[in-house]
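The values are calculated or read from the model by the stated rules, or taken from the named source; none is laboratory data. Computed from a predicted structure; not experimentally measured. Heads up, the Cβs are rebuilt from the backbone with ideal geometry, glycines too, and the neighbour counts pull from every protein chain shown.
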Amino acid sequence: VEKFRSNKCEAVKVMLCASVCMAEQNDKTDPFDVEEVVQEMPRGQKSDLWGRLMSLLQDVLQELPPDRWQQNQEEAMEDESKHVMAVVDGVTLVATVSLGVLQEGDTYSELLKITHRLHGILVSLLAIDTPLLQHIHTLCEAWWKKGLQKKEEFGRTALILSLQKSFALKKPGTEIQRVWSLHDVLVSVDYKSEDNKQIVDLLIRCFQCPNYIKNDDGKRFLVFLFSWHIDFIWVIHGTIKNQLRFYNKTMNAHITEIYYRAWKKACGEFLDKIESSCIQDFMQCAIFLHRSSPVHSKVRQIVSYYHARKGCHSVDKMLFTLYRPILWKALSAPNFEVRANATLLFTDAFPIHNPEQSNEEMEANIQIHLVFMDLSLI
């Protein structure tokens, strides 16, 4: 409600026009409290209020549809536009307050109609940033968090708008936090649907945005995206690999942390995909890339991050499983640079062992590994 205090007077007019709020104010200096009035209304009166507000909203939008608002301002018909937008903003305020005081078991079909109409305005004017649209954005976000009917539609729009704003703002920390608070919206978004191409493109862009990579909530969001859809993991990995050459050491460390946290949280086919398509791919790049490549030092930094966490059962098992099919062959490869790269990795990760083996088996394998390393130096 605090976000809409400047529109309190218009909200009062809206409610008065709806002929619902007739409470007398004994203290005329006491400001009209929209939230208090709506909260104290009986259920039937609230439904009546919402029905009248919907009629009012339809009337003003018929008088001046949203697609003509900007045109009217440009044609010096600013007063008409301001009046219509103020009424719509007042309706948005009352709808947001009503949503906040909605109780379990309340019938809210009329409130849903209002929100759906306001949502239509937001969708049609997404490219424009005005206080009114910010207020409708807040209403859609609150509706999704309330878990009511049509929450998927309103939540999706709220997420898209927050993503767009997070890229445009100079200080996007608060908006990134908002994006993270809406991350569960993606559970109902079909990755493969053409209708969702816009949101997929925005999500890819997050991995190209330093503000997301360095921000705590941004990292949480990026880590979550590794668990959104299994086919999206390869898209994420490809996007990051294309950016690696431009990252300094600090930025690369942030990216490495995101991969590691995504791996730690993953399970089942998502874990297999992250290991085979991402981590093992970095291992192969560290072995086969020329050292003159601008990416070689970056992938070495990434795999070394995992080496430094040896001693943890899951890390040891992962390193053993992923290195086994590639590292031993590379240690005896004809190409000297490949052998040298593999030796550096082997030394950094030593000992590479299966933590589920017995001590005797581990020691025997380590001896074999040492023989491989000696051969690689010949």
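Taking the listed residues ILE287, ILE302, ILE326, the one that is touching a residue at least 40 places away in the same chain (Cβ under 8 Å), under 24 Å from PHE232 (Cβ atoms) and touching a helix residue (DSSP H, G or I) at 6+ places or on another chain (Cβ under 9 Å) is ILE302, with no other qualifying.
Restricting the stretch 315-366 to residues that are within 25 Å of HIS296 (Cα to Cα) and among the small types (Gly, Ala, Ser), the residue that is surrounded by the fewest Cβ atoms within 10 Å (Cβ to Cβ) is SER332.
When VAL97 is tested against (1) under 29 Å from the mean Cα position of the chain (by Cα); (2) within 27 Å of PHE167 (Cα to Cα), just one condition goes unmet, and that condition is (2). Filtering the stretch 176-194 to residues that are among the charged types (D, E, K, R) and under 15 Å from GLY155 (Cα atoms) leaves ARG178, ASP184, ASP190. Among the residues of the stretch 302-313, those identified as at pLDDT below 95 and farther than 16 Å from PHE346 by Cβ are GLY311, CYS312, HIS313.
Within the stretch 241-257, the set of residues being surrounded by 16 or more Cβ atoms within 10 Å (Cβ to Cβ), among the β-branched types (Val, Ile, Thr) and over 18 Å from the mean Cα position of the chain (by Cα) comprises just one member, THR256.
Taken over the stretch 197-240, the criterion of being over 17 Å from SER162 (Cβ atoms), buried (at least 18 other Cβ atoms within 10 Å of the Cβ) and aromatic (Phe, Trp, Tyr) is satisfied by PHE226, PHE232.
Out of curiosity, is GLU175 in contact with a Ser or Thr (Cβ under 8 Å, 6 or more places away or on another chain) and without any contact (Cβ under 8 Å) to a residue 24 or more places away in the chain? It is true that GLU175 is in contact with a Ser or Thr (Cβ under 8 Å, 6 or more places away or on another chain) and without any contact (Cβ under 8 Å) to a residue 24 or more places away in the chain.
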